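Q: The structure's right below; bear with me while I get my questions together.
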Amino acid sequence: MGDSLKAIIKNEEKKKVGDTLLPKFNIEKTKHIIRKENIKRLKIKKKEKKIRKKERTEPLVPKTIETQREPDTTIVANIPEETERDYETDEFGSYFAKEYEPKILITFSENPVKASRKFAIYLSKIIPNSMLIGRKKTSIKSIIKSCIRKKFTDILVINEDRFEPNGLLIIHLPEGPTAFFRLSNMKICNKRQVKELTSHRPEVILNNFTTRLGATVGRMLGSLFHYHPDFKGRRVVTFHNQRDYIFFRHHRYKFLKGKPALRELGPRFTLRLEWLQKGTFDSKCGEYDWTIFGRRHELETSRRKFFL
Amino acid sequence: MNTNFSLYVGTSTGILKGVRIEKYENGIKAIPKNLVTNREDISNKNEIKCLNWNNDLYEEILIGMKKKVQIYNTKNEQFTENIDLPLGECCGIFKENEALFVGSTSGVVYSIQMPIKEKKQFEMFKLNKPIDCMKKSSIHPNIIGTGGKNNDLKLWDINTHQMTFIAKNIKPDELQLPIPIWVSDLIFLRSSEKIATCMRHGYVRLYDPLLPQRRPVFNAFQQDKVFTCICDTPNDNQFLVGSGSGDMFLVDIRGRIPFAGKYKGFCGSIKNIICPPTQNLIFSVSLDRHFRIHNFKTRKLLFKDYMFSRLTTLLCKEPSSTNNISSNLLL
């Protein structure tokens, strides 16, 4: 009992000592005064910023993931002769030399759901000289054989899972590469957009395909459309690559006073490259130019590393 | 410019590249140089399919292209011969007794007497079936090995045009279905008379033609892998195989696990691997346009370089011939 009493007395003594040590509450410096001080400081900062802005000749680069992108060895400022000749003589060289007109076949899986059928119909309306055929039970390899005989230049196959389209396979014929894209965020046309669709050949914009792999993919997507657009129709199709996701948009443009105006037509979707294969489709014995299947953690080492 | 190249790389655009490999303090470095500079010759139609030396003195490189054959002289640094092939694509090339032998994918081996006269005369013998690869034996100079799609390993005598060995497929599976065959590459081992093959359906096999049995003495299977090239290593019991989706495996024929190791860092199909017997290094080329150097033992990626076009083949000097090269150069 004696010990506990002593402890209580000690604590009270401590409290007294502590009270004297605590700083006195400053009544004059209330909240609004502090706020005023802050505003003053901000004004000074702004003035300094303006002065710095006047002195600066080049604007600052914003700090985004794109600007901080990891350097890729295949992005070359001056394209060497070797790559130039490679572009001229590869599978798409004859398209860019305007030697053939693209002719495209669009199919889907065996029993397509309504969403993918609708999607295929709008695709066939956008892509000129394209044909929509139900696949039934034919294999892709036999489709390729008969398409080469009938002089098609590309095949698009829409893959579906859980009642919605989720993949797009593009095969360039007769000996071109095969690419498989993951398809997401698909939005098909509404009633207004369907009405405004015309059959003019669209212009194509390919954005941000910088690396060597990106160049191949961009050329592949570009070669689906005819090289002579109908400028009268004022239709434009865009493949915009941002952080390896390829955004597809379809617009009609118009020149108002001083500035252009856009009106969206057609479906919109996002593509992401899964693999690129040399030669026509061969899932069993084919050789890949580039594939991320099974090595995602090995290749995606950083958030700031992109392949296209 | 020092032109003592230790490696040569063939590309799909028809360019032959000489590669100098140098060691420096922090690691290893490869410096490429284009040997074809004529703009007309750079084309995807002239894809280089195979490379080989003419003899042990390393004076000339035999270049097998898609539709023609060229010869490059390493001393003059000039292309000396240009021969058009009548049929098929070149899939194997070598020189023996002043005659050039060219294997064609149509299933024919052409032989051309050197030096070439004005009237090019092809002698040929037919192999009955189309082939994907043809290679010469390292021990017997007159024996070649061939293989292809639905065409298992066969050994031929180029003097008598006779078959000396036909491989037999392994036993059918549990449903009694025959196992498919597509030989993509083969190699004659340095030390023994054995032959190793790899297949597009995921098999790696080792044959011994001296034994009475025609079935493989070693068979390994990896599911869903397409093996495109095979290479021998300093160790007699181990090979390296490369796959079409960009995996390089170390195959060991002794243990219970045949695929004993994996080399990482690829993102495209591996086309050719070379592992020189004295160095502890692996050189490889792949369709993703990169040249890579791995450490054989630690399996680490030491160096990789972008070389502008798809790389298809590799050729290196045997180490004994390059003793005079200064010490910082490898090979």
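Q: Going through the range B:36-67 one residue at a time, which ones are assigned to a strand (DSSP E or B) and modelled with pLDDT of 90 or more?
A: Of everything in the range B:36-67, those that are assigned to a strand (DSSP E or B) and modelled with pLDDT of 90 or more turn out to be B:Ile48, B:Lys49, B:Cys50, B:Leu51, B:Asn52, B:Trp53, B:Ile61, B:Leu62, B:Ile63, B:Gly64, B:Met65.
Q: Can you tell me which residues in the range B:227-255 are without any contact (Cβ under 8 Å) to a residue 40 or more places away in the chain and in a loop (DSSP other than H, G, I, E, B)?
A: Across the range B:227-255, the qualifying residues are B:Asn235, B:Asn237, B:Ser245, B:Asp247, B:Arg254, B:Gly255.
Q: Filter the range B:260-288 down to residues that are touching a Phe, Trp or Tyr at 6+ places or on another chain (Cβ under 6 Å) and in a loop (DSSP other than H, G, I, E, B) and give me whichever is most open to solvent (accessible area, probe 1.4 Å).
A: Step by step, filter the range B:260-288, then rank; the result is B:Asn280.
Q: Any residue in the range A:238-247 that is of a type in the set (D, E, K, R) and more than 14 Å from chain B (Cβ to nearest Cβ)?
A: Among the residues of the range A:238-247, at least one is of a type in the set (D, E, K, R) and more than 14 Å from chain B (Cβ to nearest Cβ), which makes the answer yes.
Q: Those residues that are among the hydroxyl-bearing types (Ser, Thr, Tyr) and assigned to a loop (DSSP other than H, G, I, E, B), I need them from the range A:270-286; list them, please.
A: A:Thr280, A:Ser283
Q: Can you tell me which residues in the range A:236-271 are touching a residue at least 40 places away in the same chain (Cβ under 8 Å) and open to solvent by less than 50 Å² (accessible area, probe 1.4 Å)?
A: Scanning the range A:236-271 gives A:Val237, A:Asn241, A:Asp244, A:Ile246, A:His250, A:Glu264, A:Leu265, A:Gly266, A:Pro267, A:Phe269, A:Thr270, A:Leu271.
Q: Kindly indicate which of A:Ile127, A:Ile133, A:Ile171, A:Ile158 is under 21 Å from A:Ala115 (Cβ atoms), in contact with a helix residue (DSSP H, G or I) (Cβ under 7 Å, 6 or more places away or on another chain) and of a type in the set (A, V, I, L, M).
A: Selected residue: A:Ile158, the only one of A:Ile127, A:Ile133, A:Ile171, A:Ile158 that is under 21 Å from A:Ala115 (Cβ atoms), in contact with a helix residue (DSSP H, G or I) (Cβ under 7 Å, 6 or more places away or on another chain) and of a type in the set (A, V, I, L, M).
Q: Kindly establish whether A:Phe306 is open to solvent by 10 Å² or more (accessible area, probe 1.4 Å), at pLDDT 90 or above and either closer than 26 Å to A:Ser139 by Cα or not in a strand (DSSP E or B) (or both).
A: When the stated conditions are applied, A:Phe306 passes them.
Q: Being of a type in the set (A, V, I, L, M, F, W, C) and either in contact with a Pro (Cβ under 8 Å, 6 or more places away or on another chain) or modelled with pLDDT of 80 or more (or both) narrows it down to one residue among A:Ile8, A:Ile27, A:Ile106; which is it?
A: A:Ile106
Q: Just to verify a result, which residue in the range A:183-235, among those that are aliphatic (A, V, I, L, M) and loosely packed, with under 15 Cβ neighbours inside 10 Å, is nearest to A:Lys114 (Cα to Cα)?
A: Restricting to residues being aliphatic (A, V, I, L, M) and loosely packed, with under 15 Cβ neighbours inside 10 Å, the top hit is A:Val194.
Q: Moving to a separate point now. Taking the range B:1-35 as the region of interest, how many residues are open to solvent by 40 Å² or more (accessible area, probe 1.4 Å), in a strand (DSSP E or B) and among the hydroxyl-bearing types (Ser, Thr, Tyr)?
A: Residues meeting the conditions: 1.
Q: Find all pairs meeting these conditions: Cβ atoms under 9 angstrom apart; at least six residues apart or on different chains; first residue within the range B:157-183 and within 14 Å of another protein chain (Cβ to nearest Cβ) and closer than 18 Å to B:Val109 by Cβ; second residue of a type in the set (A, V, I, L, M, F, W, C) and assigned to a strand (DSSP E or B).
A: That search, which allows pairs on different chains as well, returns B:Val183/B:Cys133; B:Val183/B:Leu153; B:Val183/B:Cys198; B:Val183/B:Met199.
Q: For the range A:106-125, give me each residue that is among the β-branched types (Val, Ile, Thr) and either buried (at least 19 other Cβ atoms within 10 Å of the Cβ) or assigned to a loop (DSSP other than H, G, I, E, B) (or both).
A: Those that are among the β-branched types (Val, Ile, Thr) and either buried (at least 19 other Cβ atoms within 10 Å of the Cβ) or assigned to a loop (DSSP other than H, G, I, E, B) (or both): A:Ile106, A:Thr107, A:Val113.
Q: Another question about this same structure. Would you pick out the residues in the range A:72-87 that are part of a helix (DSSP H, G or I), open to solvent by 70 Å² or more (accessible area, probe 1.4 Å) and either among the basic types (Lys, Arg) or at the interface with chain B (Cβ under 8 Å from one of its Cβ atoms) (or both)?
A: The answer is A:Glu81, and nothing else.
Q: Additional query: Checking the conditions here, which among A:Arg135, A:Arg212, A:Arg219, A:Arg201 is away from chain B (no Cβ under 14 Å) and touching a residue at least 60 places away in the same chain (Cβ under 8 Å)?
A: On inspection, the qualifying residue turns out to be A:Arg201.
Q: Here is a further query. Just a yes or no: is a residue in the range A:91-105 in contact (Cβ under 8 Å) with a residue 40 or more places away in the chain, assigned to a loop (DSSP other than H, G, I, E, B), open to solvent by 70 Å² or more (accessible area, probe 1.4 Å) and more than 14 Å from chain B (Cβ to nearest Cβ)?
A: Yes, there is a match, as at least one residue in the range A:91-105 is in contact (Cβ under 8 Å) with a residue 40 or more places away in the chain, assigned to a loop (DSSP other than H, G, I, E, B), open to solvent by 70 Å² or more (accessible area, probe 1.4 Å) and more than 14 Å from chain B (Cβ to nearest Cβ).
Q: Is at least one residue of the range B:215-223 surrounded by fewer than 22 Cβ atoms within 10 Å (Cβ to Cβ), more than 19 Å from the chain's Cα centre (by Cα), within 14 Å of chain A (Cβ to nearest Cβ) and assigned to a loop (DSSP other than H, G, I, E, B)?
A: Taking every residue of the range B:215-223 in turn, at least one turns out to be surrounded by fewer than 22 Cβ atoms within 10 Å (Cβ to Cβ), more than 19 Å from the chain's Cα centre (by Cα), within 14 Å of chain A (Cβ to nearest Cβ) and assigned to a loop (DSSP other than H, G, I, E, B).
The values are calculated or read from the model by the stated rules, or taken from the named source; none is laboratory data. Bear in mind that the values here come from a model prediction, so they are computed numbers and not experimental data. Don't worry about glycine lacking a Cβ; one is built from the backbone with ideal geometry, like all the others, and counts go over all protein chains shown. Remember, those area values only see protein heavy atoms, side chains included, never the ligands or the DNA or RNA. Shrake-Rupley method; radii C 1.70, N 1.55, O 1.52, S 1.80 Å.
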